[in-house]
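Presented below is the structure to which this report refers.
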């Protein structure tokens, strides 16, 4: 592999995960905050809120995972090498 | 690849190998298949079949069920609740086997990858891991889901299924067609990425600190892999429901 291609791939892989983590991070923070507010307002609904929260968190998490898949492709199955 | 291999040279712990993109190839005719995935999938399938057989061996109908029968009834009931929550009371029954099988296969695969010390067993060129950490497995499962929701739509509405694409307004047609491609793509990438990420994180941590430190992350891995199985099954149910229900019925 070219040195320049290798270094560009490594930087791109890091950026892919890092940038992909920003949006879901904000989203998960919002969702968790709202869930905590919901539980504080209505403690008896805790079980339902927790289940829904975990499911939605998994959905947001998958956005970061897409970035991770891209970076794994760049690191381990690089198409330009 | 070379960087990780350089790390592996330093690594005397055989439990902490990091191998991505190396496969244990079997050649069948002109096909090259990933042998390690087959071995672990067969193992998972065997576990599921043996558990079902054990549960129906001494079925008690009169008395309250106990032991493994009790457990399997609990599993079945949770799966039924899952399918019913997505598909509704009237439609869920024919799709329960499909959604239930998806959930059980993915769940047992993910947990077998995390709980069974596969890395102890040496195979050439690769290592055994959860079947779902190979993209081919997850793509196959996602394509099955696509076929299932197309079949559901066609069997319910015939060619009227295509009316879904221009409802509520025809201008959404390109997006709806695009959705048919993004659904399997996102399903497969989500599952593959999550499982692979779990295993990589654990492997890297084991490589740095072999004892005790990786344990909390392994527990987190168990949790996320269970959630991912749930998400996959839930989404499969939601897609099938979307194909069965028309726009009008949904918004009555």
(message) It is to be established whether one or more residues within the range B:122-135 are within 14 Å of chain A (Cβ to nearest Cβ) and without any contact (Cβ under 8 Å) to a residue 40 or more places away in the chain.
(response) no
(request) Name the residue, out of B:191, B:220, that is surrounded by fewer than 21 Cβ atoms within 10 Å (Cβ to Cβ) and either more than 14 Å from chain A (Cβ to nearest Cβ) or in a helix (DSSP H, G or I) (or both). (result) B:220
(message) For the range B:135-147, check the following and say yes or no: at least one residue is part of a helix (DSSP H, G or I), at pLDDT below 90 and farther than 25 Å from residue A:58 by Cβ.
(response) no
(message) Which condition from (1) touching a residue at least 24 places away in the same chain (Cβ under 8 Å); (2) part of a helix (DSSP H, G or I) is the one that residue B:210 breaks?
(response) (2)
(request) Go through the range B:160-193 residue by residue and tally those that are touching a residue at least 24 places away in the same chain (Cβ under 8 Å) and under 29 Å from residue A:74 (Cα atoms). (result) 10
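The values are calculated or read from the model by the stated rules, or taken from the named source; none is laboratory data. What you see is a predicted model; the values in this text were computed from it and never measured. Here Cβ is always computed from backbone atoms with ideal geometry, including for glycine, and neighbour counts include all displayed protein chains.
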